[in-house]
């Protein structure tokens, strides 16, 4: 059975963490736990010029801090982040470390000067979490524009895709021994 640890990084609302935990449990019928450990991203990973955190550094730091068993780790951080070569990212996954992080700031409507909607925000969070966990399970980006594994170049791309995997991506996961609940397959 798939084991996933949700690790809040900084202050993350309990309703957000619960939504992620319940969603991952439902999609994969996985054993999902929430870490009780209070962790904050070190300020040395903040790039003041960009006003963003270096995601590669955050993942390496988290790897050094987590006591791994046999689970995957899903970090949730309410900060803006980047990797070299991109202006921003919604999330990043490093399969060899079994760690992914989803960055929440750009998933909020208020980032785009719109009125916040918790429902829209949580739907975006679910899509990005499932996308990054897909990468942890060695899925690549998908050409199907509705598949959650489609690359999001903007929030419009995230909004257009579904919080679901296409049949091709779900078949690839089955090949790795991971099944997806049928309601999360396009």
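Numbers for the structure displayed
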item	result
Some residue of the stretch 45-65 being touching a strand residue (DSSP E or B) at 6+ places or on another chain (Cβ under 7 Å), more than 23 Å from residue 175 (Cα to Cα), modelled with pLDDT of 95 or more and part of a loop (DSSP other than H, G, I, E, B)	yes
Positions within the stretch 70-103 being farther than 18 Å from residue 153 by Cβ and part of a loop (DSSP other than H, G, I, E, B), in sequence order	70, 71, 78, 79, 95, 96, 97, 98
Residue within the stretch 69-76 that is loosely packed, with under 15 Cβ neighbours inside 10 Å and without any contact (Cβ under 8 Å) to a residue 40 or more places away in the chain present	no
Residues satisfying the stated conditions in the stretch 162-179, i.e. in a loop (DSSP other than H, G, I, E, B), out of contact with any helix residue (DSSP H, G or I) (no Cβ under 8 Å at 6 or more places or on another chain) and under 14 Å from residue 136 (Cα atoms)	176, 177
Top-ranked residue of the stretch 135-172 - restricted to ones that are free of Cβ contacts under 8 Å to residues at least 60 places away in the same chain and in contact with a strand residue (DSSP E or B) (Cβ under 7 Å, 6 or more places away or on another chain), ranked as surrounded by the fewest Cβ atoms within 10 Å (Cβ to Cβ)	167
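The values are calculated or read from the model by the stated rules, or taken from the named source; none is laboratory data. Here the structure is a predicted model, which means the values were calculated and not measured. Here the Cβ is made from the backbone with ideal geometry for all residues, glycine too, and neighbour counts use every protein chain on show.
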